[in-house]
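Presented below is the structure to which this report refers.
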Amino acid sequence: MLKVPHLRAQVLYESEYAADMLPRIFHILRIHLHVSGRDRLPASFPDVTPYKNSPRYILENVAGKAQAEGYTCYIDPECEFFLFHTEDNGNPTTVTHEQAGYLDISPLDLGENARRDMVLTLEDMGMEVESSHHEAAPAQHEIDFRYGEIRKIADCITTFKMAVRIVAKRHGLHATFMPKPKAEVNGSGMHIQFSLIKDGKNVFESSQNHGELSQEAYYFIGGLLAHSKEMALITNPIVNSYKRLVPGYDAPTELTWTENNQNSLVRIPVTRGEGIRVELRSPDTSANPYVVLAICLAAGLDGIKNKITPTKSSNLAMQGQQAEHLPSTLKEAIDYFEESTWVKDVLGEEFCKQYVAAKKNEWLRYIQQVTDWEIAEYLYRL
């Protein structure tokens, strides 16, 4: 159960964002009270009827259907973010004084103390943090939770994002989960590793060949690949998400699966045996954790149900084949999303209608802008 310790709780009340955060803290506490069977706080409706467009209800619905089939989904997310300096007035910048890279430590990693405080705060709140380290880009960091049941981890991600931003502020820094805040470096993702448990065993491990993927695992991968375009608006929900999904920056661009190709959408981590997992590499941390986990689980389960077989090799070029790609813009993702009846079945008609309207408005506001790149590219020459 979530704990809010007295010392760490000071972070919340000392922050100028406290008034904005408290309703969200109240919501998180209500969630955990409900999970523990001690829900005495008011629900969304007087008769305690769940609100069907609630992201958490959507995940609860998908996970419940999985349980009805005998499956319990466990996940292990890898949450990346940047720590930047702020201006004197507290406004965020994209400035950093460090030049650290992947797995660098102090003195190169100038954000190490802030990241340590984040981990300690999260552990005080009852979360199991498995690891934390500096990522590939300067000022980029990653904190990973120990794998757990999908609904529990969704709650952890929600709390994690709030706690990270507040602790960063105490260190005079701004933590951002914006996928691609700087063009010339790697963006931040939220790789999600999935495993399915049935009758106490990981169904992704082959019962005939120890350490190899089972047929169910291949079908799960097939479902993720088959639905990846239509669920991109959920896994990568903002304009900036698609600035990350470009070649050359360790981000997935091809609808293939692999063990080591950074361009592939699905990767199989090296862990074998009962710990064998399937990793989806496209999501980023701007996504709503409840909805993204719900739709990814639904895609994998659909693959199992309909026996969707993925491509046999991630290196399609060697076979003379052209790999398919994810949507390249938010507008393209909106189009795939709108055309999908499967998405509406998973998320609900009303949710999809409201979500698409919001995303269309975001895209309209974006295309109305004249960017610095356009000024630099055209103003002098034309």
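Side notes on the structure shown:
- Out of A376, A333, sole residue that is modelled with pLDDT of 95 or more and not assigned by TED's automatic domain parsing to the domain that holds G70: A376
- Members of the range 97-130 found to be out of contact with any strand residue (DSSP E or B) (no Cβ under 8 Å at 6 or more places or on another chain) and small (G, A, S), listed by number: S106, G126
- When residues of the range 341-351 are limited to those that are part of a helix (DSSP H, G or I) and in contact (Cβ under 8 Å) with a residue 40 or more places away in the chain, the one farthest from S228 (Cα to Cα): E350
- The listed residues are H210, H174, and the only one of them that is crowded, with 20+ Cβ neighbours inside 10 Å, outside any helix (DSSP H, G or I), out of contact with any His (no Cβ under 6 Å at 6 or more places or on another chain) and in contact (Cβ under 8 Å) with a residue 12 or more places away in the chain turns out to be H174.
- Residue identified as closer than 19 Å to L293 by Cβ, touching a residue at least 24 places away in the same chain (Cβ under 8 Å) and touching a Lys or Arg at 6+ places or on another chain (Cβ under 8 Å) among M231, M162: M162
- Qualifying residue in the range 97-110 (condition: assigned by TED's automatic domain parsing to the domain that holds Y147, polar (S, T, N, Q) and surrounded by 13 or more Cβ atoms within 10 Å (Cβ to Cβ)): no
- The residue that is nearest to A66 (Cα to Cα), among those in the range 187-207 that are of a type in the set (S, T, N, Q) and surrounded by fewer than 19 Cβ atoms within 10 Å (Cβ to Cβ), is N202.
- Residue match in the range 352-363 (condition: closer than 20 Å to L224 by Cβ and assigned by TED's automatic domain parsing to the domain that holds I197): yes
Conditions tested, residue by residue: (1) within 24 Å of the chain's Cα centre (by Cα); (2) over 26 Å from N288 (Cα atoms).
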residue	(1), (2)
T72	yes, no
D76	yes, no
F82	yes, no
T86	no, no
N91	no, no
Q99	no, yes
S106	no, yes
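- Residue that is surrounded by the fewest Cβ atoms within 10 Å (Cβ to Cβ), among those in the range 243-285 that are in a helix (DSSP H, G or I) and over 14 Å from the mean Cα position of the chain (by Cα): G273
- Filter result for the condition that a residue is among the acidic types (D, E) and either at positive phi or without any contact (Cβ under 8 Å) to a residue 40 or more places away in the chain (or both), over E279, E338, E274, E254: E338
- Some residue of the range 348-365 being among the charged types (D, E, K, R), modelled with pLDDT of 95 or more, farther than 22 Å from R281 by Cα and touching an Asp or Glu at 6+ places or on another chain (Cβ under 8 Å): no
- The range 213-242: number of residues that are assigned to a helix (DSSP H, G or I) and more than 25 Å from T253 (Cβ to Cβ): 2
- I295 being part of a helix (DSSP H, G or I) and of a type in the set (V, I, T): yes
The values are calculated or read from the model by the stated rules, or taken from the named source; none is laboratory data. All values derive from a computational prediction rather than experimental measurement. Positions of Cβ are backbone-derived with ideal geometry, glycine not excepted, and every protein chain shown enters the neighbour counts.
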